[in-house]
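Just so it is clear, none of the values below were taken in a lab; they were calculated from the coordinates. It should be emphasised that the depicted structure is a prediction, and the values quoted were computed from it without experimental measurement. Here the Cβ positions follow ideal geometry from the backbone for every residue, glycine too, while neighbour counts run over all protein chains shown.
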Amino acid sequence: MALLSVVLPAYNEELNIANTVKTLTELFDREKIEFELVFISDGSKDGTFREIRKAAEADPGRIRGAEFSRNFGKEAGIFAGLELTRGDAVVVMDCDLQHPPEVIPQMWKLWQNGAQVVEGKKSSRGKEGLFYKLSAGLFYKIMSGLIKMDMSSSSDFKLLDRKVVDVLLSLPERNTFFRALTFWAGFDTMTVEYEVRERQFGTSKWNFFSLMKYAISNATSFSTLPLQLVTFMGMISIIFSIILGVQTLVKYLTGNSVEGFTTVILLILIIGGFIMLSLGIIGHYVARVYEEVKGRPKYIINRVTENVKGNVTGTWRK
Ligand code: UDP
Ligand code: MG
């Protein structure tokens, strides 16, 4: 019988682990799906790993987990989780149950019918604040344009065939964007719609600044379009400088030169803005290259549950 693995990245989720384990176990037992749960505690500061260990001791055949040495981010959690899975298909989901578990049997059916990737598609974004909705909407618009794939309503909630998991794990890059990588990898993809639930316990780990950082880091690690923006800005200023230059010269030669400071101040501000923005964009790419070249691992494992064998600490893959 085929095995389904579920990867659950968790950061300060001690209140959610037991409930999530119970909900998923009951669901899969009812649906007669053979499964395993893989929890990755992303350097949690609360008792998340203690809860994971407790769950693993209660059901060592099906529940395993590991803890990072510090917070490495959800992306790293997902990839460490994938590394630990043994299933023929793998579902990645949030461990706060905002991704409704009832959707997984649907994904599983589609997989049995030949789908290699089943994308969870948000039909509604749940009860998020207006500001969050707007900024997330804008983020996905820009991302979709940048990577030329429809990213709106995409999420990290998806099922992947073993083949796809192995492809993702073999990628050498450190700055990954899981959500877009499955689009990029291709494969036979189907979608399932789901409604984002409200979080039952604990609080969301995102704020405006972490979202902005996430957006910028993903855009620059996935696309070179922002670099072309620099060329575009340069072209615009050259066109303007030619027009303005001719106008200024003509005025000078006809004896009534352009009035002084206002023009100069405006020009300096505009050009200065363009230059600094361009340097910033280039800087982001240099930072990406710098991070990749250093070749540090995506994450460091500090502890694992008793039933995880082999490489216990350090990294699974460089
Ligand atoms: N998460 C993580 N590392 C982080 C932040 C979040 O592993 O640095 C996990 C978190 O525990 C949860 C999932 O990623 O399982 C989604 O996070 P959250 O619920 O805070 O985000 P939201 O649902 O509000 O977008
Ligand atoms: Mg959540």
Condition first: touching a helix residue (DSSP H, G or I) at 6+ places or on another chain (Cβ under 6 Å), surrounded by 14 or more Cβ atoms within 10 Å (Cβ to Cβ) and hydrophobic (A, V, I, L, M, F, W, C). Can you find one or more residues in the range 221-228 that meet it? yes
Scan of the range 265-289 for residues that are hydroxyl-bearing (Ser, Thr, Tyr) and under 20 Å from the mean Cα position of the chain (by Cα), ordered by number: Tyr285
If I ask for residues that are surrounded by 12 or more Cβ atoms within 10 Å (Cβ to Cβ) and within 16 Å of ligand 2 (Cβ to nearest atom), which ones from the range 170-203 would you list? Phe178, Arg179, Tyr194, Glu195, Val196, Arg197, Arg199, Gln200, Phe201, Gly202
What helices (runs of 4 or more DSSP H), lying completely within the range 152-229, carry at least 1 residues that are more than 21 Å from Met107 (Cα to Cα), within 16 Å of ligand 1 (Cβ to nearest atom) and of a type outside the set (Val, Ile, Thr)? 208-222
Identity of the residue in the range 1-39, polar (S, T, N, Q), within 16 Å of ligand 1 (Cβ to nearest atom) and part of a helix (DSSP H, G or I), that ends up surrounded by the most Cβ atoms within 10 Å (Cβ to Cβ): Thr20
Please work out which residue is nearest to Asn207 (Cα to Cα), limiting yourself to the range 100-121 and to residues that are more than 15 Å from the chain's Cα centre (by Cα) and within 15 Å of ligand 1 (Cβ to nearest atom). Pro100
